[in-house]
Amino acid sequence: MMQPNTVVRNRLSGFTLIELMMTMVIVGILVTLAAPSFNNFVLKSRVNSAATELQMSLLLARSEAAKRNSGVTIAPVNTAAWTQGWSVTYVDGGGTTRTLKTVDAYTGAMTVTGPTAALAYGRDGRLTSASAVTFTVNVPGNANITAKTVAVDLSGRPNVH
């Protein structure tokens with residue numbers, strides 16, 4: 001035997017078209033408000049990742065120089081355009097240049113700036129240059145994104161600020 005309330009409950013389950021439309025309008029408004037914040041979040045994340053990637057490349061060059069008891073160089077793929085990527089290389093005993101790591105170019109509005117020449121680590125893991133080196137990773141024209149600085153002291157140790 002069926003109860004009379006069962007038939008009524010089955011008819012009332014679900015959404016009406018008006019309720020669905022109102023929900024979609026509210027979701028649309030929330031997405032419109034959140035999109036700029038999400039874009040800034042993504043850009044901040046990309047800047048942090050690029051600075052960390054640069055720091056890891058510098059640490060690799062430093063440790064490989066000490067490990068191999070040989071000079072190791074980190075240089076931009078495109079002369080003085082660090083945004084186009086960089087590579088970490090050394091020259092083996094036979095005079096052949098070997099690549100330890102290559103970082104691809106960064107796309108979009110982000111830029112990576114650094115010294116105009118390649119950065120070289122000596123056999124002791126210290127910089128061969130006479131002064132400390134600074135790299136900057138930022139999004140020009142966007143005040144909401146804090147630039148990251150990778151500073152390399154004369155001992156060769158990179159720090160992200």
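The values are calculated or read from the model by the stated rules, or taken from the named source; none is laboratory data. Source: prediction; values computed, not measured. Please note: Cβ atoms are built from the backbone with ideal geometry, for glycine as well, and neighbour counts cover all protein chains shown.
Kindly indicate whether Thr146 is β-branched (Val, Ile, Thr) and either closer than 17 Å to Ser57 by Cα or modelled with pLDDT of 90 or more (or both). Yes; evaluated as a whole, the condition is true for this residue.
Out of the residues in segment 98-116 that are touching a strand residue (DSSP E or B) at 6+ places or on another chain (Cβ under 8 Å) and over 14 Å from Ala61 (Cβ atoms), state the one that is surrounded by the fewest Cβ atoms within 10 Å (Cβ to Cβ).
The initial filter retains those residues of segment 98-116 that are touching a strand residue (DSSP E or B) at 6+ places or on another chain (Cβ under 8 Å), namely 98-106, 110-115.
Now drop any that are not over 14 Å from Ala61 (Cβ atoms), which leaves 104-106, 110-113.
Details: Asp104: 10, Ala105: 13, Tyr106: 19, Met110: 18, Thr111: 17, Val112: 25, Thr113: 16.
Checked segment 98-116; the qualifying residue surrounded by the fewest Cβ atoms within 10 Å (Cβ to Cβ) is Asp104.
A residue that is of a type in the set (A, V, I, L, M), exposed (fewer than 15 other Cβ atoms within 10 Å of the Cβ) and within 21 Å of Lys148 (Cβ to Cβ) occurs somewhere in segment 42-49. Taking segment 63-118 as the range and being modelled with pLDDT of 90 or more, over 23 Å from Thr146 (Cα atoms) and among the β-branched types (Val, Ile, Thr) as the test, the residues that pass are Val72, Thr73, Ile74, Val77, Val88, Thr89, Val91, Thr96, Thr97, Thr99, Thr102.
Can you name the residue in segment 126-144 that is in a loop (DSSP other than H, G, I, E, B) and among the polar types (S, T, N, Q) and, of all such residues, is nearest to Thr83 (Cα to Cα)? If you could, list the steps in order and put the result at the bottom.
Let us first name the residues in segment 126-144 that are in a loop (DSSP other than H, G, I, E, B), namely 126, 128-132, 139-144.
Applying the additional criterion that residues be among the polar types (S, T, N, Q) yields 128-129, 131, 142, 144.
Values: Thr128: 23, Ser129: 22, Ser131: 22, Asn142: 17, Asn144: 20 Å.
So the residue we want is Asn142.
Residue under question is Arg123, and the condition is that it be part of a loop (DSSP other than H, G, I, E, B) and basic (Lys, Arg); does it hold? When the stated conditions are applied, Arg123 passes them. Residues that are buried (at least 16 other Cβ atoms within 10 Å of the Cβ) and in a helix (DSSP H, G or I) were ranked within segment 61-86; the one that is nearest to the chain's Cα centre (by Cα) is Ala61.
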